[in-house]
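Everything below concerns the one structure shown next.
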Amino acid sequence: MRAVLKVSGMTCVNCAKAIEVSLKKLKGVQEVHVSFELGRVVVEFNEELLDLESIKQVIESLGYKVESAKGKEKNLEVLLFCWFASISIMILMLWHTPYSLPLQAILSLLVQAFGGYTFYKGAISSIKVRVGNMDLLVALGSTASLLYSFLSFFKILPGEPFFETSAFLITFVKTGKFLEEWVKSKALKSLRDLFALQTIKVKVLKDGKEELKSPQEVFIGDVILLRSGDMVPLDCKLIEGSLEVDESLISGESLPVKKSVGDKLISGSLVVSGFAKAKVEKGFSSSYANLLVKLVEESLSKKPSLQRLADRFSHYFVQFVVAVSFLAFLLWYLKTGDLRLSVNFSLAVLVVSCPCAFGIAVPLALVMGLLRCYRKGVLVKNPAVFERQVDIVVLDKTGTLTEGKPQLVDIKLYDETALKLACGLAVASNHPYSIAIRQYCQQKGVSPIELQECKEEPGTGIYSNGLFLGRSEEGHVALKEGNRLLAEFFFEDKLREEAKEVVSYLKRKGIKLFMLTGDKKEKAIKIAKELNIDQFLAEAKPEDKLKVVEELQSKGYRVAVVGDGINDAPAMAKADLSVAIGSGTDLAKRVGDVILLKGLKGLMDFFELKDKTIRRVKENLFWAFFYNTLSIPLAGGLLYSKGFYLKPELAGLLMALSSLSVVLNSVRK
């Protein structure tokens, strides 16, 4: 069984790792994917050995909550209380009365109890699974600060208490996390809306009555009702009425689109205004939005090497910070004998360090990269492709550089049944030439002869009991019976409008180009000249295309293959990066790492977004490294002799701002 759970309370990727480690220990769990970015846990488990309730209990025992979508309002209330209490403490510090210090102690204790509760839960869960996280650092720092203040308050230790430190530390960090979550939720709203499709109710018209059903209960041919504010749950065709729909969730286009009878509606679109009836054309599992949801889930479950490295570093970084904090306390106490000063430096080191900045630097930038790609009609199946460098792009011709819709312009028939036989063979294939023959026969009213045991050989043609329809030695398509020529078919295929622009763009990026085609050399030369492509191979079969990719890789090139057909699949599977045209065959799209839904021009969008995403990742990692390298020594008192040092509460604010800066950098355009 596969369960998808919404989990709140995760503050960084190490929290996600803690859940993953704990669930994997359960007997019966087969696979676990935890997305800190979306607050989702996907678990595959054996129902005979484990139930869903046990999985929920394990997650909640770690201090996280399996919920629907509540809890944010309480978080805001707690945050407002923390600010009220912290400001009150500051006022009491300036307004000296016999009750000032006791009131400060009570208020700081309340902030620690209510505001620090989530940090304690996270810290305990991290200790349980031995995975350090930000909660652990904040809990240690604020507790030590409060404990020292109470010991000073009761005169057990020398010095003055600093209740404001623990209160403001928690308040600042909670504020930073609240802002971080707010910005992140805004950025990921489109993805969350997609996931919401799984739980909405569909208004189905049955016998003149309106019935509410889940998307999974609606079938092809059912008529559904759509009104203002509804999300289109399934791919369908409008049969009555008219609508204005917002397709920005799918296409990124913000302006509403007018839809009238006969128009198709894409699942995931939002009805802005109007009322209509629509006939369902695809079931829930095949609808575009659900396929996109599955793709997103799969993409987020795959971690590129950069993210795995950042996660590992984030885990050990917490242990390193605790050690440095203890060392700072020891060195300053031995040097000055001032317990209060030593505690201050130790606490500052604990809370200024930011494992979250490392933890979210990669995943959030990748999620935003995926989201931007989806909005451009570029489906990325594995975020690891963002890391892959490309030296040469191998382009298929038919259906990739050309429109893939060849027109049958001339026929030579040498047998009166030839056209019917050709149509009978063409029925067994989705090759563009076969489609063109079928369309021609349909226009002429020619019915196909039913043939048995039709077998297609990619790159060659279709066979059936001695009959053959495929490429002839002369380069055009021929129908043969044994060695006897029955018919010849001549096609023309137009170059895609965007082909020249895409080729020029890739060349400007310094990427070499190689064209592959099964066509004759004359046609290949014509297209290559038109597009200014120097390297090409004509009359290439699937094995030839594969061989070209292998030879290029053996020379040290990192190869991307762009194709659309069955005969491109072997080469695409071998390539370092494979890109499928959205109008191509299902096999090509299955093999492809990237699918260009809006045609070849999407290749430019992909490379632009790929570069931007990796640039954001590097910027985030640089900032996280620079911030921690600079702030930890300062917090440890490096410049104390020059009159500069960080108070623990200011260190907490800096830590919160560091995480927030990584989030803002990831989501900015």
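Each value in this text was obtained by applying a stated rule to the coordinates, not by laboratory testing. Source: prediction; values computed, not measured. For neighbour counting, all protein chains shown are included, and Cβ atoms are generated from backbone atoms with ideal geometry for every residue, glycine included.
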Seminar exercise, completed: Once amide hydrogens are built 1.01 Å from N within the peptide plane, the residues lying 5 or more places from PHE162 or on another chain with amide H under 5 Å from its amide H are SER149
For this session: Rounded to whole Hz and in sequence order, give me ³J(HN,Hα) for segment 228-233 from the Karplus expression 6.51 cos²θ - 1.76 cosθ + 1.60, θ = phi - 60°, writing x for Gly and Pro.
Result: 3, x, 6, 9, 5, x
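Fewest to most neighbouring Cβ within 10 Å: what's the order for THR398, THR517, THR629?
Working: THR398 26, THR517 23, THR629 9.
Fewest to most other Cβ atoms nearby, the residues stand as THR629, THR517, THR398.
If I stretch the segment between ILE200 and ILE435 completely, what's the gain in nm (0.36 nm per residue apart, minus their alpha carbon distance), one decimal? Show your work: numbers first, answer last.
Values: separation 235, 0.36 × 235 = 84.60 nm, distance 3.85 nm.
The ILE200-ILE435 span can extend by a further 80.8 nm.
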For this session: Tabulate in residue order the Karplus-calculated ³J(HN,Hα) for segment 600-609, using 6.51 cos²θ - 1.76 cosθ + 1.60 with θ = phi - 60°, rounded to whole Hz; enter x for Gly and Pro.
Result: 4, 4, x, 5, 5, 4, 4, 5, 4, 6
For this session: Quick one: which residues, 5+ away or cross-chain, put their amide H under 5 Å from the amide H of ARG496? H built at 1.01 Å from N.
Result: THR402, GLU403
Problem set entry | Simple label model, 7 Å out from Cα along Cβ direction - GLU31 to ASP415, nm | 4.9
Exercise. How much mean residue ellipticity at 222 nm does the chain get from its helices, if each DSSP H run of length 4 or more adds -39500 (n - 2.57) and you divide by all residues, to the nearest 500 deg cm²/dmol?
Worked result: -16000 deg cm²/dmol
For this session: May I have the pair-distance distribution P(r) for the chain, computed from all Cα-Cα distances with 20 Å bins from 0 and rounded to whole percent?
Result: 16, 38, 30, 13, 4, 0
Problem set entry | For segment 407-492, alpha-carbon Rg relative to the globular expectation (2.2 N^0.38 Å, N residues) | 0.94
Exercise. When the Karplus curve 6.51 cos²θ - 1.76 cosθ + 1.60 is applied with θ = phi - 60°, which whole-Hz ³J(HN,Hα) does each residue of segment 370-384 get, with x for Gly and Pro?
Worked result: 4, 4, 5, 5, 4, 5, 8, x, 10, 8, 9, 7, 9, x, 4
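Tell me, what is the FRET efficiency for LEU147 and PHE320 to the nearest 0.05, using R0 = 35 angstrom and their Cβ-Cβ distance as r? Each step should come with its number before you reach the end.
Details: r = 23 Å, r/R0 = 0.66.
The formula returns an efficiency of 0.90 here.
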For this session: Enter the angle in degrees (range 0 to 90, nearest 10) between the Cα long axis of helix 72-94 and the first principal axis of the Cα atoms of the chain, meaning the one along which they spread out most.
Result: 30
Problem set entry | Rg/Rg_globular for segment 514-649, with Rg_globular taken as 2.2 N^0.38 Å and Rg from C-alpha atoms | 1.71
Seminar exercise, completed: The long-range amide H neighbours of LEU451, using H built 1.01 Å from N in the peptide plane and a cut-off of under 5 Å, are none
Exercise. How compact and how long is segment 2-70, expressed as Rg and Dmax of its alpha-carbon atoms in Å?
Worked result: 10.9, 33
Exercise. Considering only DSSP states other than H, G, I, E and B, which GluC sites (Glu not before Pro) in segment 6-60 qualify as loop sites with at most 14 other Cβ atoms within 10 Å?
Worked result: GLU47, GLU48
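What are the trypsin sites (Lys or Arg not before Pro) within segment 501-569 that DSSP puts in a loop, where the Cβ has at most 10 other Cβ atoms within 10 Å?
Values: sites: LYS507, ARG508, LYS509, LYS512, LYS520, LYS521, LYS523, LYS526, LYS529, LYS545, LYS547, LYS555, ARG558; in loops: LYS509, LYS520, LYS555, ARG558.
Answer in residue order: LYS555.
Computed FRET efficiency, Cβ-Cβ of GLN216 and ILE239, R0 25 Å: what is it to the nearest 0.05?
Numbers: r = 22 Å, r/R0 = 0.89.
With R0 = 25 Å, the Cβ-Cβ based efficiency is 0.65.
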Exercise. With labels modelled as points extended 7 Å from the Cα through the Cβ direction, what inter-label distance (nm, one decimal) is found for LYS555 paired with ARG2?
Worked result: 4.2
